[in-house]
Amino acid sequence: ASDLYGCENTSLVKAENSNGCSVSVGLNQKNDGYVFGGLADNGTANNNRVNIAHGANITSTVNGGFTTKNEVVIGNNVQIGTGRDGGYVKGGTSIESTSDFNAVRIGTNVTVAGSVIGGDGGSYNKSVANNVSASSNSVHIGDLSYITSSVSGGSGGKTSSFNEVVIGNGVRVGSE
């Protein structure tokens, strides 16, 4: 499969929303593209969910949604990204707004060839960036998993508070 979206609304003319959407990757399936719970170029992408079943292989990135209250749940023995192409997992992200109350739940023996971030908020515009936050996000990583880059509960914006990272036994973070 290629890119998977629970909802995708992209419009340059008016605000479009992708709220309350979900997408799933089945048991032992391979996906050669991005996986988004909800994507909106204009508007909001809130309350979205990505479910990745045990043994799946996603060669690119995984993102719950763009803004708030999104969730990514990954089963056991899953591969996200490749050493060559990399990948990341984000519960929620926003380019021009806050990214609050997002969650990433990773099972046992999962490899992410990149970073894991609960919520990533921010803006390239400094006046907007001063009013955004990445708060109250969480990341839980199961035993024996390997994250090749970094792990963060929340990142970006002016305020990053009340974020949580819980790491299981035998988890490795960073390159070898």
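Taking the conditions exactly as written (open to solvent by 30 Å² or more (accessible area, probe 1.4 Å), modelled with pLDDT of 90 or more and farther than 20 Å from GLY38 by Cα), does ASN131 satisfy them or not? Criteria not met by ASN131.
Listed here are the residues, each with its yes/no results for (1) in a loop (DSSP other than H, G, I, E, B); (2) polar (S, T, N, Q); (3) under 13 Å from THR44 (Cα atoms); (4) open to solvent by 10 Å² or more (accessible area, probe 1.4 Å).
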| site | (1), (2), (3), (4) |
| --- | --- |
| LYS69 | yes, no, yes, yes |
| VAL72 | no, no, no, no |
| ASN77 | yes, yes, no, yes |
| GLY86 | yes, no, no, yes |
| GLY92 | no, no, yes, no |
| PHE101 | yes, no, no, yes |
| THR108 | yes, yes, no, yes |
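Inside the range 144-175, can you point out the residues that are open to solvent by 50 Å² or more (accessible area, probe 1.4 Å), of a type outside the set (S, T, N, Q) and in contact with a strand residue (DSSP E or B) (Cβ under 9 Å, 6 or more places away or on another chain)? Correct list: LEU144, LYS158, PHE162, GLU164, VAL165, VAL166, ILE167, ARG172, VAL173.
The values are calculated or read from the model by the stated rules, or taken from the named source; none is laboratory data. Predicted model, so just to flag it, every value in this text is computed and none were measured. Note that we place each Cβ from the backbone using ideal geometry, even for glycine, and neighbour counts take in every protein chain shown. Heavy atoms of the whole protein, side chains included, go into the accessibility calculation; ligands, DNA and RNA do not. Shrake-Rupley method; radii C 1.70, N 1.55, O 1.52, S 1.80 Å.
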